[in-house]
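Have a look at the structure below before the remarks.
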Amino acid sequence: METAPESKKDEEPKDEAVHLKREITLLQAIALTIGTIIGSGIFISPKGVLMNSGNIGLSLLVWLACGVLSMFGALCYADLGTTIKKSGGHYIYILETLGPLPAFLRVWLEFILIRPASAAVVALAFGRYVIEPLFMPCHAPILAVKLITALGVCLVIALNCWSVSWAANLQTALMVLKLVAITLIIVPGMVALFSGHTEHFQDPFDSSSLALDKLPLAFYSGMFAYGGWFFTSYVTEEIVNPERNIPIAVIVSVSIVTVAYVLANVSYYTFLTVEEVLASKAVAMSFADIALNRFSPAIPILVALSCFGTLNGGIFASARIFFVASRERQWPHLFSMIHIERHTPLPALILMLPVIFLMVSIGDLYGLLNFFSFCRWLFIGLATLGLVIHRFKYPDLPRPFKVPIFIPVVFTVTCLFIVGMSLYSDPFNTGMGCAITLSGIPLYYLMVKNPRVPEKCMAAFNSLTMKLQLLLTVIPQEIKTF
């Protein structure tokens, strides 16, 4: 495929060559992980976990179990990321361990479903928390929420197009604000609990509303709140000293988040009854109205900034999947190009916008959550299955960080069990996710493995690629970074 003329690689110093630079430090990697995990999840998922688990006691166990599972998954990805030194996360690990077809299905789903649906869930939460206080005690009009949501998405895309370091530094600053928001929830709850306010914890395992068939959906809500432990694997080629910093970043981040999430949920239940949690559209705001009094207006602002940070981290990392898939010749060539001056994957960022806007227009947070969770956790389970296979296939391969084999085995079995059970619990949404996954198979054989595109169509596509390349001022990466 033709492209616009490139700079002469041999005449450029390495620092000036167009490439994604290795400039994400350990602190920024921790900020990316914590800042992406703590977002809308802890502020909206408590309702989903409680609704599908049936009681307070089981819901708290689900939150703890999700934290342990996330740690297992994070350790597996740290193993993979220090062995397979390419960016791209799930996609590149599946490509290197299970082959090109499942890898293509993963990037296909990332583009049309997982990233836009995930971004829409977080962005809608951002929009609601920004504008809801202006309409209190009434609910904000849905159109106003969606307009603010669209503005937030555009702002994040623009920031990531402008500068990698700006996006990473913003993520660090927002991580601090997220921890402040979580602390404002935890401290009043712990004070009240130790003062004897335990009335909401009487009979915590009440079985009257227990529905075991809905338990996988409770895990989806909980694991959504922990989603983000894998984002350092998306940017492996941009992390300073990845063999050391990736394992440290994920262990520190997931440990902090697990403790914070369990304590935050205990605080919610200290002040709110089961009925109040289930009736609330924004659990953190309902909590703030009761527990924080005059400080309650600060919570929506902090939660909105928290959601913005998660949106920023998710888009920052996901652009690298499309960049790497394009570099591996499984995705359109334009996606592997980088802005000449900004050194950002500008096409991969901009071309996510239309599908994200489509998902925002759908607007059902919990429907979207179940819709994309099936696909996300199926392929995460496949990636860790790939780790087990890779271990047996290449036993002598150097592994700077090696986890015990039982960890990927337990994590893989759990992921696949939850995915299988969800087909029974919510057959429509998970069935749609399954159908969209399978729709990528004919596309793979037609467009990737044995391309059967008419010459005129290919010529038109190449011409469009060149025009967009010139318009966006982008070229392919000039030096190898892995």
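Does at least one position in segment 67-74 carry a residue that is modelled with pLDDT of 90 or more, surrounded by fewer than 17 Cβ atoms within 10 Å (Cβ to Cβ), under 27 Å from His390 (Cβ atoms) and among the aliphatic types (A, V, I, L, M)? Yes, some residue in segment 67-74 is modelled with pLDDT of 90 or more, surrounded by fewer than 17 Cβ atoms within 10 Å (Cβ to Cβ), under 27 Å from His390 (Cβ atoms) and among the aliphatic types (A, V, I, L, M). Cβ-Cβ distances below 9 Å connect the following pairs, each with a first residue in segment 446-465 that is closer than 20 Å to Phe104 by Cβ and touching a residue at least 60 places away in the same chain (Cβ under 8 Å), a second residue that is part of a helix (DSSP H, G or I) and aliphatic (A, V, I, L, M), and a separation of six or more residues or different chains: Val448/Leu101; Lys449/Leu101; Thr465/Leu334. The set of residues in segment 272-293 that are open to solvent by 50 Å² or more (accessible area, probe 1.4 Å) and either part of a helix (DSSP H, G or I) or under 17 Å from Met71 (Cα atoms) (or both) comprises Glu275, Glu276, Leu278, Ala279, Asp289, Ile290, Asn293. Candidates in segment 396-427 are the residues that are among the polar types (S, T, N, Q) and at pLDDT 85 or above; of these, the one that is surrounded by the fewest Cβ atoms within 10 Å (Cβ to Cβ) is Thr414. For segment 428-472, a residue qualifies if it is open to solvent by 60 Å² or more (accessible area, probe 1.4 Å) and not hydrophobic (A, V, I, L, M, F, W, C), and the qualifying residues are Pro442, Tyr445, Lys449, Asn450, Pro451, Arg452, Pro454, Glu455, Lys456, Lys467.
For Thr344, which of the numbered conditions (1) over 30 Å from Met51 (Cβ atoms); (2) in contact (Cβ under 8 Å) with a residue 40 or more places away in the chain; (3) part of a helix (DSSP H, G or I); (4) open to solvent by less than 10 Å² (accessible area, probe 1.4 Å) fails to hold? Failing condition for Thr344: (3). Scanning segment 254-281 for residues that are farther than 22 Å from Ile34 by Cβ and within 26 Å of the chain's Cα centre (by Cα) yields Val277, Leu278, Ser280, Lys281.
Of all the numbered requirements in (1) within 30 Å of Met466 (Cα to Cα); (2) open to solvent by less than 30 Å² (accessible area, probe 1.4 Å); (3) at pLDDT 75 or above, Leu95 misses one, and that requirement is (2). Filtered by the rule that a residue be among the small types (Gly, Ala, Ser), over 11 Å from Ile38 (Cα atoms) and either open to solvent by less than 20 Å² (accessible area, probe 1.4 Å) or without any contact (Cβ under 8 Å) to a residue 12 or more places away in the chain (or both), segment 294-321 gives Ser296, Ala304, Gly314, Ala317, Ser318, Ala319.
The values are calculated or read from the model by the stated rules, or taken from the named source; none is laboratory data. Only a predicted model underlies this, so the values are computations on that prediction, with no experimental measurement involved. Ideal geometry is used to build each Cβ from the backbone, glycine not excepted, and the neighbour counts take in all protein chains shown. All accessible areas refer to the heavy atoms of the entire protein, side chains included, with ligands and DNA or RNA removed. Shrake-Rupley method; radii C 1.70, N 1.55, O 1.52, S 1.80 Å.
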